[in-house]
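Read the structure below first, then the notes.
The values are calculated or read from the model by the stated rules, or taken from the named source; none is laboratory data. Quantities reported herein were computed from a predicted structural model and do not represent experimental measurements. Glycine gets a Cβ as well: all are built from the backbone with ideal geometry, and neighbour counts include every protein chain shown. To get the accessible areas, we keep the full protein, side chains included, count just its heavy atoms, and leave off ligands, DNA and RNA. Shrake-Rupley method; radii C 1.70, N 1.55, O 1.52, S 1.80 Å.
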Amino acid sequence: MIPDFSPKMLRGFLNARIEMAGYRAEFPDERKSVRRKAMTFDEARVAERSAIMKRARVTAEQFELALAGRIVSLDARARLWKALNADPASHGIRLLGGSGQERMI
């Protein structure tokens, strides 16, 4: 099975990470002894978006295109995947321009 690093899959992972940040803020883990400043659902989502953009070093426009499942530049796409801790190269995949990818042998 070949992992899928397409723009549509990137959209799904980005949206999931952002939504999960909101749900973690609304429903914190009661077992954890360290308490952070309480954030609302929307504040946590905005903070996660900013954190991903900062880690990936992408512009707001590139991030919005990725969130919409549209094609972003090859470098921005690779940096976004790495910001999500999913490096395509570690899975033997090389990203190509547009939405392409190929398996490295």
Highest-fluctuation residue, 42, 29, 75 considered, GNM on the chain with Cα pairs under 10 Å: 29
Longest segment of the chain with no trypsin sites (Lys or Arg not before Pro) in a DSSP loop having at most 11 other Cβ atoms within 10 Å? 38-105
Based solely on its DSSP helices, what 222 nm [θ] is calculated for the chain when runs of n ≥ 4 H residues each add -39,500 (n - 2.57) and the sum is averaged over all residues, nearest 500 deg cm²/dmol? -16500 deg cm²/dmol
Taking all pairs of different Cα atoms in the chain, averaging 1/r and flipping that mean, what Kirkwood radius in angstroms comes out? 14.7
Accessible surface, per residue, of region 1-88 when the full set of protein chains is kept, probe 1.4 Å, Å²: 68
Over the chain, what is the mean sequence separation of C-alpha contacts under 8 Å (at least six apart), divided by residue count, expressed as relative contact order in percent? 31
Cα shape, region 52-104, gyration tensor, a/c 1.5 rule: oblate
Could you please state how large a percent of the accessible area of region 34-105 is carbon and sulfur, counting protein chains only and using a 1.4 Å probe? 53
Determine the order of 74, 67 by accessible area, beginning with the largest, at a probe radius of 1.4 Å. 74, 67
